[in-house]
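Values in this text are rule-based calculations from the coordinates and carry no lab data. Just so you know, these numbers come straight off a predicted model, no measurement behind them. Here Cβ is always computed from backbone atoms with ideal geometry, including for glycine, and neighbour counts include all displayed protein chains.
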Amino acid sequence: MNDPGGNTVRFLVIRMSSIGDIVLTTPVIRGLKQQVEHAQVHFLVKEAFYPVVRANPYIDRIHIFRGNLGDTIRELRKEQFDYIIDLHHNIRSSLIKKCLRLMHFSFRKLNFRKWLLVRFKINTLPQLHIVDRYLETVRLFDVKNDGEGLDYFIPPEDELDRSAFPEPFRKGYVLMVAGAAHATKKLTAEQMAEIICRMNLPVVLAGGPAEEEEAKLIQSLCPGIDVWNTCGEFNINRSASLVRQSSVVITPDTGLMHVAAAFRKPVISVWGNTVPEFGMTPYMPHPASTIFEVKGLSCRPCSKIGYDRCPKKHFHCILKQPLNDITDQAVRLFQKYRYQL
């Protein structure tokens, strides 16, 4: 569906949240811009997640959803788009499509199949990563997977100067993601501290303001070890800079996991109540990346997202994680990739 007449083809791509999901859409954005002749790509995102895409060179204009759908629709009508690519596919994006009355292509979320896996442990999901499913949404435009993986572009003013880091972290560090949207997706503070103490390597704790207190607890459980708590200290782009400059990343199934994959970092991903079968593992990460999960639990996955606490009250998906193996893998990767950015 490339335009043979040389006229601009104007796309509106919708993916309003979250950090991880937005990063996972970047191959679609790049594919439209690079592979569709005369393409102009606009992107609609919630205000809180605007920093994730604001430096993306493949986006011609970013539209920010600030909570008023009517205002957003009026703004979008002025642009005279040719096509809508709806990678969010929720009530808001459906209303936008209905009001703009344009040809649209929508991502298939497969919620019923996910429900089958969660409720009855019947897996009928396609054996495709969500990135490849996003790309299927634009297949009629002859957009192909270019094999370049995910993108994350850090604005120059948010790039951290490694020489200004505390001295123990200037020659490499393990970045440990301390937070996740739901507690059942991540290691406990005590487990993270145990890994840090066993590694005895410089560790940067990354997360938002919600993780500040837990990160302080982790620090207190690791006396004599270099632990830099950056939770709540940096915005998302500066946290991404910490990821980019790390030697290895230990992370739950969360947004910074996908940021790490975009920078081709060796990723050690720890999976709790969610499962890789949902199709959201690190996409085309460093080849030394490893997934840790407790297999064989009849209760897993208990949700496609997560909970504040284990519904079964035993929390086996996290408490049975092989901490020694995670530690050994992190040490091996750090020793091998310490000086590679």
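Treating only the Cβ atoms of Lys and Arg (+1) and Asp and Glu (-1) as charged, compute the dipole magnitude of the chain about its Cα centre; round to the nearest 20 debye.
Working: 45 positive and 35 negative charges, 228 e Å.
So the magnitude is around 1100 debye.
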* To do: May I ask for log10 I(q)/I(0) of the range 30-137 at q = 0.12, 0.14, 0.16, 0.17 Å⁻¹, from a Debye sum over the Cα atoms as equal point scatterers with solvent left out?
  => -0.51, -0.68, -0.85, -0.94
* To do: With only Lys, Arg, Asp and Glu charged, each at its Cβ (+1 for the first two, -1 for the last two), find how big the charge dipole of the range 2-122 is about the Cα centre; round to the nearest 20 debye.
  => 640 debye
* Value of [θ]222 nm, deg cm²/dmol, for the chain, DSSP H segments ≥ 4, -39500 (n - 2.57) each, nearest 500 -> -9000 deg cm²/dmol
* Asked: In a solvent-free Debye calculation with one equal scatterer on each Cα, what is log10 I(q)/I(0) for the range 3-47 at q = 0.17 Å⁻¹, listed in the order of the q values?
  -> -0.50
* Treating cross-link reach as a plain straight distance, find the lysines whose alpha-carbon is under 21 Å from the alpha-carbon of residue 121, omitting any fewer than eight places away in the same chain. => 109, 185, 295, 304, 312, 313, 320
* Given the Cα-Cα distance of residue 319 and residue 148 and 0.36 nm per residue of separation, how much length would full extension add, in nm? -> 58.0 nm
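Expressed in nm to one decimal, what extension gain is obtained for the pair residue 113 and residue 200 from 0.36 nm per residue of sequence separation less their Cα-Cα distance? It would help to have the intermediate numbers written out before the result.
Working: separation 87, 0.36 × 87 = 31.32 nm, distance 4.30 nm.
Extending this stretch completely gives an extra 27.0 nm.
Using the crude model of +1 on Lys and Arg Cβ and -1 on Asp and Glu Cβ, and no other charge, please compute the dipole size for the range 121-257 relative to its Cα centre, in debye to 20.
Details: 13 positive and 20 negative charges, 82 e Å.
Computed about the Cα centre, the dipole is about 400 debye.
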* Asked: Which value results when the Cα radius of gyration for the range 83-194 is divided by 2.2 N^0.38 Å?
  -> 1.56
* To do: Tell me which residues come under 5 Å, amide H to amide H, from residue 65 once H is placed; ignore anything under 5 positions away on its chain.
  => 45, 46, 47
* Quotient of C-alpha Rg and 2.2 N^0.38 Å, computed over the range 191-341 -> 1.02
* Asked: Using only the Cα atoms, what convex hull volume per residue in Å³ does the range 215-280 have?
  -> 111 Å³
* Asked: ³J(HN,Hα) across the range 84-99 via Karplus (A = 6.51, B = -1.76, C = 1.60, θ = phi - 60°), whole Hz, x for Gly/Pro?
  -> 10, 10, 9, 9, 9, 6, 10, 4, 4, 5, 5, 5, 4, 4, 5, 6
* Taking the alpha-carbon set of the range 274-341, what are its Rg and Dmax in Å? -> 14.7, 43
* To do: Sticking to Cα atoms, compute the Rg of the range 132-201 to one decimal and its Dmax as the biggest Cα-Cα distance, whole number, in Å.
  => 19.1, 52
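May I ask for the net charge around residue 71, where only other residues with Cβ less than 13 Å from the Cβ of residue 71 are counted and Lys, Arg are +1 while Asp, Glu are -1?
Once all neighbours under 13 Å are counted, the net charge is +3.
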* Over the C-alpha atoms of the range 75-149, what are the Rg and the largest Cα-to-Cα span, Dmax, in Å? -> 15.1, 47
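Exactly which GluC sites (Glu not before Pro) in the range 96-164 are in a DSSP loop and have at most 12 other Cβ atoms within 10 Å? All intermediate terms of the calculation are to be shown ahead of the outcome.
On the way: sites: 136, 148, 157, 159; in loops: 148, 159.
Loop-located and lightly packed - 148.
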